[in-house]
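Contents: one structure, followed by commentary.
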Amino acid sequence: MSTSQIPPAFAKGNTAVITGGASGIGLALATRLLSHHGLRVLVADKDASALYRLSLSPETAGLLTFEMDVGNLSDWRRLKAHIEEVFDGQVNVLALNAGRGLPTSFNNEDPTNFVETMQTNFLGVVNGVATMLPLVKETVKDGAKAAIIITGSKQGITNPPGNPAYNASKAAVKTLAEHLSFDLSASHPDIAVHLLVPGWTFTGMTARGKKEKPAGAWWPEQVVDFLEKKMEEGKFYVICPDNDVSEEMDRRRMVWAMGDVVENRPPLTRWRGDGWKEKAEEGMKKLDV
């Protein structure tokens with residue numbers, strides 16, 4: 001990627017804080033910022049062993065690490081104090097990427113997985129914005145540029161059946177990110193906000209024991225490539241395709257999903273019986289996207 005294509009917040013010498021940064025997309029972003037763009041990068045993660053392994057690898061030895069639970073507000077306060085020490089409070093890139101995909105079902109009378117999913121996926125972002133936004137605002141006070149990258153999910157937009165808590169948490173993240181972008185566009189235009197919505201990506205969370213990447217999935221590095229491109233274009237929504245699903249197909253699915261509301265159809269018609277699934281498949285082909 002040439003210098004002209006680098007998002008302003010990715011300038012050499014800037015700083016980055018990435019949650020969920022010990023693996024997957026978070027680690028790919030951390031490595032890119034450290035090795036390609038020359039940022040000082042801190043990765044925060046709940047997995048202490050993964051953080052330790054980063055210190056042993058030549059490619060990631062330059063990363064600063066911090067063990068924390070993003071759902072715990074006191075951990076965020078510890079992180080803020082640490083950043084004030086190691087970065088003098090400077091935060092040019094804040095990537096709120098930590099997440100989890102615990103299985104949830106209304107057939108289970110124990111709501112623990114619902115609570116823990118929301119605690120990590122949604123409140124982890126709320127805690128991060130509440131704690132770190134003052135540092136980001138202070139960073140841009142003298143004309144510097146900053147970016148807040150919040151990782152969402154297509155499941156928070158098209159809402160496929162199977163895991164209601166995960167879908168709800170990511171829908172809430174989408175709403176929060178949209179409001180943050182709207183508010184900062186007026187008060188702090190030097191802080192860009194981006195909602196990163198990966199497609200099928202081969203990570204530890206999605207591999208489910210598989211050793212080889214499925215043909216339809218992207219590598220995390222491809223997601224970061226796409227993110228950089230959309231950030232340079234100034235886009236808020238970074239809806240990533242993959243090797244199975246094109247950008248056009250994503251648009252058709254999202255428009256159809258909103259049509260359930262607008263046309264007062266039953267919810268989740270793409271997956272329903274009684275002929276609705278077939279109607280959805282035919283209807284999506286006819287949409288003007």
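The values are calculated or read from the model by the stated rules, or taken from the named source; none is laboratory data. A quick note: this is a predicted structure, and the numbers were derived from the prediction, not measured. In this analysis, Cβ positions are derived from the backbone assuming ideal geometry, glycine residues included, and neighbour counts consider all displayed protein chains.
Couple of notes before you dig in:
- The test for being buried (at least 20 other Cβ atoms within 10 Å of the Cβ), assigned to a loop (DSSP other than H, G, I, E, B) and in the same structural domain as Asp142 (by TED's automatic domain parsing) holds for Gly199.
- Residue within the range 113-124 that is touching a strand residue (DSSP E or B) at 6+ places or on another chain (Cβ under 7 Å), of a type in the set (Ser, Thr, Tyr), assigned by TED's automatic domain parsing to the domain that holds Met231 and farther than 27 Å from Asp142 by Cα present: no
- The range 23-36 residues that are under 14 Å from Gln222 (Cα atoms), paired with ones that are at pLDDT below 95 (beta carbon under 7 Å, 6 or more apart): Gly24/Thr203; Gly24/Gly204; Gly24/Met205; Ile25/Thr203; Thr31/Glu59; Thr31/Thr60
- Test result for Asp242, without any contact (Cβ under 8 Å) to a residue 12 or more places away in the chain and closer than 24 Å to Ala98 by Cβ: no
Table: residues versus (1) under 23 Å from Tyr166 (Cα atoms); (2) β-branched (Val, Ile, Thr); (3) in a loop (DSSP other than H, G, I, E, B).
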site	(1), (2), (3)
Lys211	no, no, yes
Gly234	no, no, yes
Val238	yes, yes, no
Arg251	yes, no, no
Trp256	yes, no, no
Pro266	yes, no, yes
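- A count restricted to the range 115-142 and to residues that are outside any helix (DSSP H, G or I) and at pLDDT 95 or above stands at 3.
- Residue within the range 49-62 that is assigned by TED's automatic domain parsing to the domain that holds Val238, of a type in the set (Lys, Arg) and in contact (Cβ under 8 Å) with a residue 60 or more places away in the chain present: no
- Subset tally (residues that are small (Gly, Ala, Ser) and closer than 30 Å to Phe10 by Cβ) for the range 234-289: 2
- Residues that are out of contact with any Asp or Glu (no Cβ under 6 Å at 6 or more places or on another chain), farther than 23 Å from Asn97 by Cα, surrounded by fewer than 14 Cβ atoms within 10 Å (Cβ to Cβ) and in contact (Cβ under 8 Å) with a residue 12 or more places away in the chain occur in the range 215-237; there is at least one.
- Restricting attention to the range 180-214, the residues that are closer than 22 Å to Leu102 by Cβ and in contact with a Leu (Cβ under 7 Å, 6 or more places away or on another chain) total 1.
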